[in-house]
1. Under 22 Å from Gly250 (Cβ atoms) and free of Cβ contacts under 8 Å to residues at least 60 places away in the same chain, is that true of Ile349?
2. Within the stretch 86-119, which residues are at pLDDT below 95 and assigned to a loop (DSSP other than H, G, I, E, B)?
3. Among the listed residues Arg411, Arg354, Arg418, Arg344, which satisfies the condition of being basic (Lys, Arg), within 23 Å of Glu272 (Cα to Cα), open to solvent by 50 Å² or more (accessible area, probe 1.4 Å) and at pLDDT 95 or above?
4. Testing Arg154 on (1) more than 12 Å from the ligand (Cβ to nearest atom); (2) of a type outside the set (Gly, Ala, Ser); (3) closer than 21 Å to Asn334 by Cβ, one condition comes back false. Which one is that?
5. Restricting attention to the stretch 283-338, and to residues there that are closer than 20 Å to Pro260 by Cα, in a strand (DSSP E or B) and of a type outside the set (S, T, N, Q), which single residue is farthest from the ligand (Cβ to nearest atom)?
6. Which numbered condition trips up Met315, out of (1) touching a His at 6+ places or on another chain (Cβ under 7 Å); (2) without any contact (Cβ under 8 Å) to a residue 24 or more places away in the chain?
7. Just the residues that are without any contact (Cβ under 8 Å) to a residue 24 or more places away in the chain, open to solvent by 30 Å² or more (accessible area, probe 1.4 Å) and not in a helix (DSSP H, G or I), please, taken from the stretch 37-67.
Amino acid sequence: MDKFVVRGGNPLLGTIKVSGAKNSALPCMAAAILTADEVVLENIPQVRDIETERKLLESMGAQVELGYGRAQHRTTIQCAILSDPVAKYEIVKTMRASSLVLGPLVARTGMARVALPGGCSIGDRPIDLHLKGLELMGAKITQDHGYLQATADRLKGAHIVFDKITVTGTEDLLMAATMAEGETLMENCAQEPEVTDLAAMLIGMGAKIEGAGTSTIRVTGVDKLHGVRHRINPDRIEAGTFLVAGAISGGDLNVDCCNPEHLAAVIQKLEECGVRMDVGKENIRVRSEGGKLRAADITTVEYPGFPTDMQAQYMALATQSEGTSTITENIFENRFMHVSELSRMGADIKVQGRTATVRGRTPLSSAAVMCSDLRASASLVLAALVADGETILDRVYHIDRGYEHIEEKLRGVGAQIRRMGDVFGKK
Ligand code: UD1
């Protein structure tokens, strides 16, 4: 298993580029199921979850060519024939977003079999709302041998009010509705930029969608969708992670190729902490040289509020801020797994229920730490950038799920970080 070795203390200086958003790319790849034509996606990030999605689509009969290294990270997908509309357990267990194929598969083939996702390290993540919506659209759902099966001759438009805001649930049902008979009205939808990105792609394929990016989406079903060329949005969470990296290291970092509009809540919070930000059209310059960081509270909420996917990274910053920061996690249960590792590095953090109280500033010291999930791993990398000595991060496959070559990007702006295949001599 790969590890990162990070020596802290260097301020990050220069320009760091943001890749395409993994969480946009995953639903957009799933949307290719909706047409027999070729779909071309640009700015697909080179991360493990995308490789998993490729395997998933190929296992169903799709042809996928991940064009890394080529201009624009261009990927082509063609689902001319979907001979096996099944999302197998071996794939679903490593990536819960596999449930995104449910809606498009039923819409296109009339049948989908998707393995039940099972437990997840950041809490119970059910897909009941995806299923409820499909049922309202006339699908018959059954369960056997650990698999869910959805069948429908043709889905029918429905009025769906989400009990709870769900990002992939909104995306899944949006895809299903594009080819349903009649109109679908979805309320209490997720408003995340990834939903808007997917809707833009679907509209390019001939779908009739109004209101994506608001809480109410109206879809008029069409008989057929066609191929499209679509460019994936920049990754707002990767960009936010780099903003914290610039701030925590006391650097002067230009975070380039991002969309600052998608980062308003993060920018506002970092400014409250005393971080200097110069916001351009597609870049943000972050500076904290000499300036002290101040504590500020955050509460994670759905977009446009402070994202749960930035909570762990923000916590690393809070350990370096003067004063007490209260961090409340409202989206997922059990999303504080980075706390024990940050504490081992010297952080003063107390957790009670969904709230963590961070007292700062505490000097951090290097340690051997374990990555537990994607964003927790990012938080440990950030902490390691300011820790005294050499931190060894184990299980970095978690970070490889969603960050494109993070160690190379950080090294390019002055961080001392390297990947080791097997530093302890055991796999
Ligand atoms: C997506 C993102 C993830 C992010 C999360 C919240 C992708 C691939 N992943 O995950 O990075 O952290 O949004 O912004 O885009 N829920 C139910 N029933 C359902 C679905 C969800 O109860 O059927 C609950 C979940 O347990 C959770 C909340 O709703 O408490 C939000 O989850 P959801 O928005 O669905 O997260 P994901 O789409 O899985």
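The values are calculated or read from the model by the stated rules, or taken from the named source; none is laboratory data. Predicted, not measured: the structure shown is a model, and the values here were computed from it. Virtual Cβ from ideal backbone geometry, glycine too; neighbours counted across all protein chains shown. The protein model used for the area step is the full one, side chains on, heavy atoms only, and it has no ligands, DNA or RNA in it. Shrake-Rupley method; radii C 1.70, N 1.55, O 1.52, S 1.80 Å.
1. Working: under 22 Å from Gly250 (Cβ atoms): yes; free of Cβ contacts under 8 Å to residues at least 60 places away in the same chain: yes.
Yes.
2. Lys88, Lys93, Thr94, Met95, Leu116, Pro117, Gly118, Gly119
3. Numbers: Arg411 fails: within 23 Å of Glu272 (Cα to Cα); Arg418 fails: within 23 Å of Glu272 (Cα to Cα); Arg344 fails: within 23 Å of Glu272 (Cα to Cα).
Answer to the selection: Arg354.
4. (3)
5. Arg287
6. (2)
7. Gly61, Gln63, Glu65, Leu66
Yes or no, residue by residue, for (1) touching a residue at least 24 places away in the same chain (Cβ under 8 Å); (2) aliphatic (A, V, I, L, M); (3) under 23 Å from Arg276 (Cα atoms); (4) surrounded by fewer than 20 Cβ atoms within 10 Å (Cβ to Cβ):
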residue: Thr299; (1), (2), (3), (4): yes, no, yes, yes
residue: Phe306; (1), (2), (3), (4): yes, no, yes, no
residue: Thr324; (1), (2), (3), (4): yes, no, yes, yes
residue: Glu333; (1), (2), (3), (4): yes, no, no, yes
